[in-house]
Amino acid sequence: MSSATEITETETRVRNVLAEVLEGRIPVEEITVDADMVQDLGLDSLQAIQFLLRVEDEFDVELDYESLSLDHLRSVRFFTTEVLGRPAREQ
């Protein structure tokens with residue numbers, strides 16, 4: 001597996017939260033780090049809020065909601081890198 005397709009621990013945790021919010025409609029194994037959360041996975045506005053709140057709990061962080069936009073939900077990888085401030089590749 002190349003480094004571009006490796007999934008980090010943070011991305012795995014974000015995928016797990018996303019699968020919970022989607023209430024099992026899509027198994028976590030089928031959520032790729034590059035899938036668009038809204039277009040490909042069907043995340044709606046209420047689920048997006050639930051997702052963000054659960055991410056805060058999972059990572060013990062406070063997100064800056066004023067700076068967030070729909071673009072931040074374009075993929076698990078983008079969200080992990082841009083919003084959580086974690087690199088796509090962890091040490």
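Would you mention how many residues in region 54-80 are part of a helix (DSSP H, G or I), free of Cβ contacts under 8 Å to residues at least 40 places away in the same chain and not aliphatic (A, V, I, L, M)? It would help to see each step written out before you state the result.
Residues of region 54-80 part of a helix (DSSP H, G or I): 54-59, 65-67, 70-73, 76-80.
From the residues that got through so far, the ones that are free of Cβ contacts under 8 Å to residues at least 40 places away in the same chain too are 54, 56-57, 65-67, 70-73, 78.
Those still in the list that are not aliphatic (A, V, I, L, M) too: 54, 56-57, 65-67, 71-72, 78.
Number satisfying all stated conditions: 9.
When region 26-49 is examined, which residues are found to be outside any helix (DSSP H, G or I) and of a type in the set (A, V, I, L, M)?
Initially, region 26-49 is screened for residues outside any helix (DSSP H, G or I), giving 26-27, 31-44.
Correct list: Ile26, Ile31, Val33, Ala35, Met37, Val38, Leu41, Leu43.
Being modelled with pLDDT of 90 or more, surrounded by 15 or more Cβ atoms within 10 Å (Cβ to Cβ) and over 11 Å from the mean Cα position of the chain (by Cα): is that true of Leu68 here? Explain how you work it out, then say what you get.
Working: modelled with pLDDT of 90 or more: no; surrounded by 15 or more Cβ atoms within 10 Å (Cβ to Cβ): yes; over 11 Å from the mean Cα position of the chain (by Cα): yes.
No, not satisfied.
Filter region 55-80 down to residues that are under 14 Å from Thr12 (Cα atoms) and touching a Leu at 6+ places or on another chain (Cβ under 9 Å), then give me how many there are.
Just the residues of region 55-80 that are under 14 Å from Thr12 (Cα atoms), to begin with: 55, 58-59, 75-80.
Okay, now just the ones that are also touching a Leu at 6+ places or on another chain (Cβ under 9 Å), so 55, 59, 76, 79.
The number of residues fulfilling the criteria is 4.
Taking region 5-45 as the region of interest, how many residues are farther than 19 Å from Thr81 by Cα, surrounded by fewer than 12 Cβ atoms within 10 Å (Cβ to Cβ) and touching a residue at least 12 places away in the same chain (Cβ under 8 Å)?
Going through region 5-45 one residue at a time, the tally reaches 1.
The values are calculated or read from the model by the stated rules, or taken from the named source; none is laboratory data. Remember, predicted model here, so these are calculated numbers, not experimental data. Positions of Cβ are generated from backbone atoms using ideal geometry, with glycine treated the same way; all protein chains shown enter the neighbour counts.
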